[in-house]
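S.K.: Quick one: the structure is below, questions incoming.
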Amino acid sequence: SPLEGLDNPGLLRTQALINGEWITGPASFAVTDPATGAALAQVPNLGRAEAETAIAAAANALNAWRAKPAKERAAVLVRWQQLLVKHADDLARLMTAEQGKPLAEARGEVIYGASFLDWFAEEAKRVYGETIPTTDPTKRYLVLKQAVGVCAAITPWNFPLAMITRKVAPALAAGCTVIIKPAEATPLTALAAAELAQQAGMPAGVLNVLTADAAQSVEVGKALCESDVVRHLSFTGSTEVGRILMAQCAPTIKKLSLELGGNAPFIVFDDADLESAVEGAIASKYRNAGQTCVCANRIYVQAGVYDAFLDKFAARVSALKTGNGFEAGVQVGPLIDAQALQKVETHVADAIALGARLLTGGKRIETTGGHFFEPTLLADATPQMLCSREETFGPVAPVFKFQTEAEAIQLANATEFGLASYFYSRDIGRIFRVGEALEYGMVGINTGLISTAEVPFGGVKQSGLGREGARQGIEDYVEVKYLCLGDI
Ligand code: ADP
């Protein structure tokens, strides 16, 4: 098993965490390796009853946690960050085993994920209120910011650690307590991170982790949404599930942070530095085997550089090494499951049937138990194709030809999504025009990689609500309270 090589076997946690205690449940489910199909471990399959216990524990722990000076909460976050970094190799192994991404990429995610704890430990100390100049000499107006309360976080499998810390760090920093429901495919990374949080001195009940399979996740989700004790729900995942959760949160008027699907355009103008655009497209498209919500999904290339771009891009795509993430030099790992593989296959078949030219890749790689797809490049894509309308979430790059700047902007914005977008140009006027015209929460200009803890990550339109990371990231976890002081 790939988990035999852990330096610290205690990080392979196979129980859930409620109120500072590791618990089992009435049943369990298997976590599997997407590169081989092999079972890695069994974890508790929890439901409504355990969700309610966790909510009660988080509610119990709330007063003491939010009453601590921010500096003390920050100290716990910093110790947790340091432990994540110290155990980065083991966490990366767990992540590659259950998620599939290449080991170096997994290690990168551990460092990136840990950085949110650092960042929000600092921000915890800067949750400033304000005083407002009075309009009545007998009164004074004050504004406080206070922790929202008990928070729930439902996270996806594509970033098994970072999607947790990005939510939990600002919540804990603000003084909230949290219940996490990690994705059913990747609970082991979440549980290892929770073990390190315990070692960092997280008080009982402040951080709880509920594991559940796909069916039970729906039940846990309902319990979290229906509770009037839970005041905030943060979710990263598909727009479809985001809509369900939003509806389920309506009866209790819960605060919501949603990071949903994207359909990122990646535009290469005639005046781009082509070498740099190709590198950016490789990084943006094939990272995590194309399974990120900010991966380039539609690549638009202006007519003057279309053929030259395709030549260079095809050479790079066909040289990508695909395989088990534990193998040295592998750049593209397996897809998460059979359904993901099926979707990619469908998108490729549909594009070819509608006239796309296959330049490299195009089919699944037959292995026993693994879910591998060849890094694929399609030219002459059109808006009618599925890959233009839906997020492929796999290693497939469809390239579209366009003529004018106005046409590129129109095509890029013709989607209900608005998460990340990218474009390459060296013309300063165009950089401002296009940067302002793209209806997206994030715009990468002359780069394919934009994520870091210090910047506001999030989308517009049906890609979500709120921002994660940055100074803005803590705002979803505080309520504004106005104090009006009379009789002065
Ligand atoms: P992805 O497409 O990335 O698998 P999903 O939106 O299906 O994303 O899942 C993201 C997270 O949401 C996972 O933790 C999953 O278990 C959870 N989830 C999926 N459906 C529901 C639901 N109906 N209620 C609550 N959680 C759900």
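The values are calculated or read from the model by the stated rules, or taken from the named source; none is laboratory data. No experiment lies behind these values; they were computed from the predicted model shown. Cβ atoms come from the backbone with ideal geometry, glycine included; neighbour counts cover every protein chain shown.
S.K.: Restrict the check to region 233-246 and report whether at least one residue is part of a loop (DSSP other than H, G, I, E, B), more than 10 Å from the ligand (Cβ to nearest atom) and modelled with pLDDT of 95 or more.
M.R.: Here is the first cut: in region 233-246, the ones part of a loop (DSSP other than H, G, I, E, B) are 237-238.
Add one more test, that the residue is more than 10 Å from the ligand (Cβ to nearest atom), and what stays is none.
Looking through region 233-246, none of the residues is part of a loop (DSSP other than H, G, I, E, B), more than 10 Å from the ligand (Cβ to nearest atom) and modelled with pLDDT of 95 or more.
S.K.: Quick one: in region 287-299, of everything that is crowded, with 24+ Cβ neighbours inside 10 Å and more than 15 Å from the ligand (Cβ to nearest atom), which residue is nearest to THR415 (Cα to Cα)?
M.R.: Per the criteria, the residue is ARG298.
S.K.: Continuing with this model, one more query. Just the residues that are small (Gly, Ala, Ser) and in contact with a Cys (Cβ under 8 Å, 6 or more places away or on another chain), please, taken from region 168-206.
M.R.: Residues of region 168-206 small (Gly, Ala, Ser): 169, 171, 173-175, 183, 185, 190, 192-194, 197, 200-201, 204-205.
Answer for region 168-206, where residues must be small (Gly, Ala, Ser) and in contact with a Cys (Cβ under 8 Å, 6 or more places away or on another chain): just ALA171.
S.K.: Is it the case, given these coordinates, that ALA190 is within 14 Å of the ligand (Cβ to nearest atom), of a type outside the set (D, E, K, R), in a loop (DSSP other than H, G, I, E, B) and over 16 Å from GLY473 (Cα atoms)?
M.R.: Details: within 14 Å of the ligand (Cβ to nearest atom): yes; of a type outside the set (D, E, K, R): yes; in a loop (DSSP other than H, G, I, E, B): no; over 16 Å from GLY473 (Cα atoms): yes.
Taking the combined requirement at face value, the residue does not satisfy it.
S.K.: Residue check, VAL480 against (1) part of a strand (DSSP E or B); (2) under 25 Å from SER238 (Cα atoms), all met but one. Which one?
M.R.: (2)
S.K.: Check region 253-263 and report whether any residue there is more than 26 Å from TRP80 (Cβ to Cβ), away from the ligand (no atom under 16 Å from the Cβ), not in a strand (DSSP E or B) and not polar (S, T, N, Q).
M.R.: yes
S.K.: Return the residues of region 245-264 that are more than 18 Å from GLN291 (Cβ to Cβ) and in contact with a helix residue (DSSP H, G or I) (Cβ under 8 Å, 6 or more places away or on another chain); say none if nothing qualifies. Show your work before the answer.
M.R.: To start, the set of residues in region 245-264 that are more than 18 Å from GLN291 (Cβ to Cβ) comprises 245-258.
Scanning region 245-264 gives LEU245, GLN248, CYS249, PRO251, THR252, LYS254, LYS255, LEU256, SER257, LEU258.
S.K.: What about GLU391, is it acidic (Asp, Glu), within 30 Å of THR322 (Cα to Cα), outside any strand (DSSP E or B) and modelled with pLDDT of 95 or more?
M.R.: On the way: acidic (Asp, Glu): yes; within 30 Å of THR322 (Cα to Cα): yes; outside any strand (DSSP E or B): yes; modelled with pLDDT of 95 or more: yes.
Considered against the rule, which asks whether it is acidic (Asp, Glu), within 30 Å of THR322 (Cα to Cα), outside any strand (DSSP E or B) and modelled with pLDDT of 95 or more, GLU391 comes out as yes.
S.K.: Would you confirm whether any residue within region 196-211 is within 27 Å of THR32 (Cβ to Cβ), within 16 Å of the ligand (Cβ to nearest atom) and part of a loop (DSSP other than H, G, I, E, B)?
M.R.: At the first step, the residues of region 196-211 found to be within 27 Å of THR32 (Cβ to Cβ) are 196-198, 207-211.
Next, only the ones that are within 16 Å of the ligand (Cβ to nearest atom) stay: 208-211.
Cutting the leftovers down to part of a loop (DSSP other than H, G, I, E, B) gives us 210-211.
Yes, there is a match, as at least one residue in region 196-211 is within 27 Å of THR32 (Cβ to Cβ), within 16 Å of the ligand (Cβ to nearest atom) and part of a loop (DSSP other than H, G, I, E, B).
S.K.: Can you tell me which residue within region 393-407, out of those that are within 19 Å of ARG426 (Cβ to Cβ) and surrounded by 16 or more Cβ atoms within 10 Å (Cβ to Cβ), is farthest from the ligand (Cβ to nearest atom)?
M.R.: GLU405
S.K.: What tally of residues in region 345-366 results from selecting those that are of a type in the set (D, E, K, R) and within 20 Å of THR322 (Cβ to Cβ)? Give the derivation first.
M.R.: At the first step, the residues of region 345-366 found to be of a type in the set (D, E, K, R) are 345, 350, 357, 363-364, 366.
If we keep only those that are within 20 Å of THR322 (Cβ to Cβ) too, we end up with 345, 363-364, 366.
Count: 4.
S.K.: If GLU219 passes every condition in (1) without any contact (Cβ under 8 Å) to a residue 40 or more places away in the chain; (2) surrounded by fewer than 24 Cβ atoms within 10 Å (Cβ to Cβ) but one, which one does it miss?
M.R.: Going through (1) without any contact (Cβ under 8 Å) to a residue 40 or more places away in the chain; (2) surrounded by fewer than 24 Cβ atoms within 10 Å (Cβ to Cβ) one by one, GLU219 breaks only (1).
S.K.: Return the residues of region 405-446 that are of a type in the set (Asp, Glu) and within 25 Å of GLY290 (Cβ to Cβ); say none if nothing qualifies.
M.R.: Here is the first cut: in region 405-446, the ones of a type in the set (Asp, Glu) are 405, 407, 416, 427, 436, 439.
Within region 405-446, GLU416, GLU439 meet the criteria.
S.K.: Mind listing whichever residues of region 307-325 are surrounded by fewer than 20 Cβ atoms within 10 Å (Cβ to Cβ), of a type outside the set (Gly, Ala, Ser) and over 16 Å from PHE373 (Cα atoms)?
M.R.: ASP307, ASP311, LYS312, ARG316
S.K.: When you check ALA223 against the structure, is it modelled with pLDDT of 95 or more, within 16 Å of the ligand (Cβ to nearest atom) and either part of a helix (DSSP H, G or I) or more than 26 Å from LYS254 (Cα to Cα) (or both), yes or no? Can you show your working first?
M.R.: Details: modelled with pLDDT of 95 or more: yes; within 16 Å of the ligand (Cβ to nearest atom): yes; either part of a helix (DSSP H, G or I) or more than 26 Å from LYS254 (Cα to Cα) (or both): yes.
For ALA223, the condition - modelled with pLDDT of 95 or more, within 16 Å of the ligand (Cβ to nearest atom) and either part of a helix (DSSP H, G or I) or more than 26 Å from LYS254 (Cα to Cα) (or both) - is met.
S.K.: Just one of ALA162, ALA152 is within 16 Å of the ligand (Cβ to nearest atom) and more than 30 Å from HIS371 (Cα to Cα); which is it?
M.R.: Working: ALA162 fails: more than 30 Å from HIS371 (Cα to Cα).
Answer to the check: ALA152.
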